[in-house]
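Right, one structure below, let's go through it.
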Amino acid sequence: MTPDVVIIGAGPAGSVAAALLADAGFSVEVLERAHFPRFSIGESLLPQAMEWLAEAGLLRDVVEAGFQHKNGATFRCGEREESFDFRAKSADGWGTTYQVRRDRFDELLAKGAMRKGAKVLFGQTVTAMRPDPECPSLTVRDEDGNEREVKARFVLDASGFGRVLARLLDLETPTSFPDRMSVFTHVEDNMPAQVYDRNKILITVNPNDNQIWYWLIPLAEGLCSIGVVGTPDRIKTYGATREEQLTALIAESGLMAELLVNAKRVRDVGEIAGYAARVSSLTGPGYALLGNAGEFLDPVFSSGVTIALKSASLASSALIRQLNGEAVNWQSDFSEPLSRGVETFRAYVSGWYDGSLQKIIFSKPADARQVKAMITSVLAGYAWDEENPFVRDPHKYLKMVEELCG
Ligand code: FAD
C-alpha cells in the first residue's frame, strides 16, 4: 500500500516529523540507511527544542532517559570567562534541557515515532528520487543490494549530512561560510566534582587564534564529548593524525586542558569537514527538506537539532493540512518561517567568527541585564521570538552592543 508520507532518515528531524504525522492519523514510512543505535555528533540541545519534543509527544521519553541536565553555556578565552544561565532569558518557555548521547537520543526518538504508528525501516538507502506533485517516488536499496520503488503522497528528506535530495536534484548552493572542520571524541572525563558545572556546555576560544574553538559537553555517566573546530589548513598544522591534532590543540586550550588532565578516550577520534551547506530551495513538487538536509550553519551555538526540530514541526503542520485537502503555500507556510530563525543564528555565527560576538560575550553583557537576557534567549534557541530585538534585527542590535563594548 502506498504510504501517505515517506521520510528519508531517522535522525531527530525525521523521527519528530514521523511522530507528528503518525499521530495525526497518516501512514508514514521512514527509510533509514543505518542501524540504530549509531553514533552521531551534536550532543548539546537547546531549551527551545523541548517545546517541539513536547509537541511530538516525545518529551517524556527524553526526560526519563537519564540524560545530563543542561541549563546554560560558559564561554572561556584564556582567563576571561562568561556564563549564560538559560533560565535568565527574556523569552517565555523552557530554560533547561539536556546534553545527550546521540546514539541513545536518536534511537529513543525513532522508537517513539514507531510507538505512534510510524514504520521505521533500517538498512535502507535512498538512491534516486522522481519529484511529482501528486505521487513522488524513491528508489531504495537494501543491504543485499536489492532495489525497489517506493511511492508516497509526499516525501520529506531528513537525511542530514547525507543531503540526499540536495545531491540527487541538484539543489546545492554555496554557503556564506568558509570551509571548516572538526575533530572530536568522547572521553571518560574523571573531572573531580565541583571543578566544573556539568550542567553547562563549555565553549573555549583558542587564546592564540580566535578562529579555533573547542567544546566540552559533559554527558551522563562521567562521559564528556570534546571537540575542536577550525579551518582545515590551521587544524592540520597541529599534527599528521586526528589524534595528534586533537591532543595538541587541547593542550593550548587552558582551562579545558586542566579539566581533562585525567581523561581517558573511549572512542576513536572522529572528523567531519565541509559541513556548512545550503540549498537553492527547501521545497519542490511533492517534497520538502528538513534539518541538515536543507541547511547547516555551524556547530558553535548548538543550533542544529533545534533547527531540525523546528523544520519538522513546520513541515508536518503544513503537510497535515495538505493531506487533509487544504491548500498549502510551502514558501510562506514552511520555508519563510523556518528561515527567520535560521537567519538569526546565521547572524550570531557570523558575529562569532568576525570577532564581534566574542567581544560582546567577554565584555560581560551582564552589566546591562536586559541585554544579556535577550542574548541569552537566542543562545537558548529562541531564535524565532520576534519580540526580541536581537531576533528582529540581530545585525543592528549586536552592532550596537559591540560599539558600547568599546
Ligand atoms: P541527522 O541527525 O544527520 O540524521 C540524518 C539521518 O539520515 C541519519 O540517521 C542518516 O543515517 C540518514 N541517511 C543519510 N543518508 C541517507 C540515505 N541515502 N537513505 C536513508 N537514510 C539516510 N547540533 C546540536 O543541536 N548541538 C550540538 O552540540 C551540535 N554539535 C555539532 C558538532 C559538529 C562538529 C557538527 C558538524 C554538527 C553539530 N550539530 C549539533 C549539528 C547536529 O548534529 C545536526 O544538526 C543534527 O543531527 C541534524 O539532525 P537531522 O535530523 O537533520 O539529521
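No lab work stands behind these numbers, since they all come straight from the coordinates. Being a predicted model, the structure only gives us computed values, none of them experimental. Methodologically, a virtual Cβ is constructed for each residue, glycine included, from the backbone with ideal geometry; neighbour enumeration extends over all protein chains shown.
Of Thr173, Thr96, Thr241, which has the largest mean-square fluctuation in a 10 Å C-alpha GNM of the chain?
Between Thr173, Thr96, Thr241, it is Thr241 that shows the largest mean-square fluctuation.
How many times 2.2 N^0.38 Å is the alpha carbon radius of gyration of the range 233-365?
Rounded to two decimals, the normalised Rg is 1.41.
Below 11 angstrom from the Cβ of Ala318, what's the summed charge of the other residues (Lys, Arg +1; Asp, Glu -1)? All intermediate terms of the calculation are to be shown ahead of the outcome.
Working: positive: Arg321; negative: Glu326, Asp333.
Spelling it out: positives minus negatives among the neighbours equals -1.
Would you mind checking which residues have amide H under 5 Å from Val120's amide H? H placed 1.01 Å from N; only 5 or more apart, or other chain.
Hits under the 5 Å cutoff: Val30.
Which one, Ser27, Gly325, Phe154, projects farthest toward the positive side of the charge dipole computed for the chain from Cβ point charges (K/R +1, D/E -1)?
Ser27
Using the Karplus equation 6.51 cos²θ - 1.76 cosθ + 1.60 (θ = phi - 60°), what ³J(HN,Hα) coupling, rounded to whole Hz, does each residue of the range 287-299 give in order, writing x for Gly and Pro?
8, 9, 10, 10, x, 5, 5, x, 8, 9, 8, 5, x
Sorted from fewest to most neighbouring beta carbons within 10 Å, what does the list Lys111, Lys396, Lys70 look like?
Lys396, Lys111, Lys70
For the residues Arg163, Arg87, Arg130, what sequence is obtained by ranking on other C-beta atoms within 10 Å, fewest first?
Numbers: Arg163 20, Arg87 13, Arg130 16.
Ranking Arg163, Arg87, Arg130 by Cβ neighbours within 10 Å, fewest first, gives Arg87, Arg130, Arg163.
Can you give the relative contact order of the range 350-404 as a percent, counting alpha carbon pairs under 8 Å and 6+ residues apart? Walk me through the numbers on the way to the answer.
Numbers: 29 pairs, mean separation 18.2, N = 55.
That works out to 33 percent.
Can you give the calculated 222 nm mean residue ellipticity of the chain, where each DSSP H run of n ≥ 4 adds -39,500 (n - 2.57) and the sum is split over every residue, rounded to the nearest 500 deg cm²/dmol? If you can, show how the numbers build up before the last one.
Working: 15 runs with 138 residues, N = 406.
Helix contribution divided over all residues of the chain: -9500 deg cm²/dmol.
Local charge sum around Glu402 (other residues, Cβ-Cβ under 12 Å, Lys/Arg +1, Asp/Glu -1)?
+1
Rg and Dmax of the chain, Cα atoms, in Å?
Spelled out, the Cα radius of gyration and Dmax of the chain are 20.9, 65 Å.
Got a sec? How would Arg234, Arg60 order by Cβ neighbour count within 10 Å, fewest to most?
Arg60, Arg234
Could you work out the local net charge near Ala73, counting Lys and Arg as +1, Asp and Glu as -1, over the other residues with Cβ closer than 14 Å to its Cβ?
+2
For the range 39-52, take each phi angle, set θ = phi - 60°, evaluate the Karplus expression 6.51 cos²θ - 1.76 cosθ + 1.60, and give the result in whole Hz per residue in order, putting x for glycine and proline.
5, 8, 8, x, 8, 9, 8, 10, x, 4, 5, 4, 4, 7
From the phi of every residue in the range 313-326, what ³J(HN,Hα) in whole Hz does the Karplus formula 6.51 cos²θ - 1.76 cosθ + 1.60 yield, where θ is phi - 60° and glycine or proline is x?
Once rounded to whole Hz, the list reads 5, 5, 5, 5, 5, 5, 5, 4, 5, 5, 5, 8, x, 7.
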